[in-house]
């Protein structure tokens, strides 16, 4: 499953397939419904379905709000009383039930983005405007995905999807090459800067070089030849095909803000090596501890690691960290400041 599809259907890049996917339903609702619900018509609306939950009390519905973080509440709003919605738009809600495959006793939650006041134009046009809209849409998907998982955990004893030996494997492919760093207001690499990109995205790379500090830059549309293997919502392993062409590698460095002089200083040996015909190559690394955790039915990695670190990052078995010999620190040109 491509990364973009995983985000749209599950709101996360490591989907737990034991629960139903989210369903896009905006096209099934009349315009007046979007207005009355106070949601943004330009952004997606999805339905979360949790099977076999049964009838909920008013308090249980009120408690759903506690599942939202402060950040989520700003990005999404949800409606979990479908009987009330049916009174206003019976045909639309019936269509939504059919579209998401709802059965008697399933919990359905309609999720959209709050309608916001029109913002002042920021100059984004054409492709940049489309990418800005996509970023906003992905924020809705990802926050809805968090709510889906929270509801799945809350009602695990009812739907029982997490019980038994149901192993749902998935390969997730085509991850973004770059991700936006909100704190630094700059693009950085999402996987590592040696990950190959799709050949058809080379033109986007040339365009994106100019947009290192623009959140709507073409860099956000570039997809990598990266892949993860996922099991029941846990990433078991991650890998990629590496860059083997010098000109592509140099462009990647340039997109990350490195000029030719810095590239030569930091990676000159590597760029030179790529001149000599490096073959296409790649790999993957699996997390043995995660595999053991799932086989053991444990809920946390700490349950399967013999000597886990404490919250203070100390190892009680090895009594580490311990003081280092001053001569060793001097040899490595390291000083310790308390």
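Check whether at least one residue in the range 113-123 is at pLDDT 95 or above and surrounded by fewer than 18 Cβ atoms within 10 Å (Cβ to Cβ), and report yes or no.
yes
Conditions tested, residue by residue: (1) within 30 Å of residue 129 (Cβ to Cβ); (2) assigned to a helix (DSSP H, G or I); (3) at pLDDT 95 or above.
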| site | (1), (2), (3) |
| --- | --- |
| 32 | yes, yes, yes |
| 36 | yes, yes, yes |
| 44 | yes, no, yes |
| 47 | yes, no, yes |
| 53 | no, no, yes |
| 63 | no, yes, yes |
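Return yes when residue 146 is surrounded by fewer than 20 Cβ atoms within 10 Å (Cβ to Cβ) and not in a loop (DSSP other than H, G, I, E, B) and no when it is not.
yes
Across the range 255-285, what is the number of residues that are closer than 17 Å to residue 242 by Cβ, out of contact with any helix residue (DSSP H, G or I) (no Cβ under 6 Å at 6 or more places or on another chain) and surrounded by 14 or more Cβ atoms within 10 Å (Cβ to Cβ)?
Of the residues in that region, 5 qualify.
Are any of the residues in the range 9-19 part of a helix (DSSP H, G or I), crowded, with 20+ Cβ neighbours inside 10 Å and within 23 Å of the chain's Cα centre (by Cα)?
There is at least one residue in the range 9-19 that is part of a helix (DSSP H, G or I), crowded, with 20+ Cβ neighbours inside 10 Å and within 23 Å of the chain's Cα centre (by Cα).
Table: residues versus (1) within 19 Å of the chain's Cα centre (by Cα); (2) buried (at least 17 other Cβ atoms within 10 Å of the Cβ); (3) touching a residue at least 40 places away in the same chain (Cβ under 8 Å); (4) more than 19 Å from residue 114 (Cβ to Cβ).
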position: 45; (1), (2), (3), (4): yes, yes, yes, no
position: 54; (1), (2), (3), (4): no, no, yes, yes
position: 66; (1), (2), (3), (4): no, no, no, no
position: 72; (1), (2), (3), (4): yes, yes, yes, no
position: 75; (1), (2), (3), (4): yes, yes, yes, no
position: 87; (1), (2), (3), (4): no, no, no, yes
position: 90; (1), (2), (3), (4): no, no, no, yes
position: 95; (1), (2), (3), (4): no, no, yes, yes
position: 98; (1), (2), (3), (4): no, no, no, yes
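So which of 179, 163 is surrounded by fewer than 19 Cβ atoms within 10 Å (Cβ to Cβ) and either in a helix (DSSP H, G or I) or within 20 Å of the chain's Cα centre (by Cα) (or both)?
When all the criteria are applied, what remains is 179.
Exactly one of these conditions fails for residue 232: (1) buried (at least 18 other Cβ atoms within 10 Å of the Cβ); (2) over 26 Å from residue 14 (Cα atoms); (3) in contact (Cβ under 8 Å) with a residue 60 or more places away in the chain. Give me its number.
Going through (1) buried (at least 18 other Cβ atoms within 10 Å of the Cβ); (2) over 26 Å from residue 14 (Cα atoms); (3) in contact (Cβ under 8 Å) with a residue 60 or more places away in the chain one by one, residue 232 breaks only (2).
Any residue at all in the range 127-142 that's out of contact with any helix residue (DSSP H, G or I) (no Cβ under 6 Å at 6 or more places or on another chain), in a loop (DSSP other than H, G, I, E, B), exposed (fewer than 14 other Cβ atoms within 10 Å of the Cβ) and touching a residue at least 40 places away in the same chain (Cβ under 8 Å)?
no
I'm trying to understand the selection: among the residues of the range 322-338, which are part of a loop (DSSP other than H, G, I, E, B), exposed (fewer than 10 other Cβ atoms within 10 Å of the Cβ) and at negative phi?
Once the filter is applied, which keeps residues that are part of a loop (DSSP other than H, G, I, E, B), exposed (fewer than 10 other Cβ atoms within 10 Å of the Cβ) and at negative phi, the range 322-338 yields 322, 323, 325, 332, 334, 335, 336, 337, 338.
On the basis of being touching a residue at least 60 places away in the same chain (Cβ under 8 Å), part of a helix (DSSP H, G or I), crowded, with 16+ Cβ neighbours inside 10 Å and touching a helix residue (DSSP H, G or I) at 6+ places or on another chain (Cβ under 7 Å), does residue 220 make the cut?
Criteria met by residue 220.
Being closer than 22 Å to residue 16 by Cβ, without any contact (Cβ under 8 Å) to a residue 40 or more places away in the chain and either in contact with a strand residue (DSSP E or B) (Cβ under 6 Å, 6 or more places away or on another chain) or not in a loop (DSSP other than H, G, I, E, B) (or both) is the filter here; which residues of the range 270-315 pass it?
The answer is 288, 289, 292, 295, 296, 301, 302, 303.
Out of 93, 7, report the one residue that is within 19 Å of residue 137 (Cβ to Cβ) and in contact with a helix residue (DSSP H, G or I) (Cβ under 7 Å, 6 or more places away or on another chain).
After ruling out the rest, the residue left standing is 7.
The values are calculated or read from the model by the stated rules, or taken from the named source; none is laboratory data. Please read all numbers here as calculations on a predicted model, not as lab measurements. Glycine also receives a Cβ, built like all others from the backbone with ideal geometry; neighbour counts cover every protein chain displayed.
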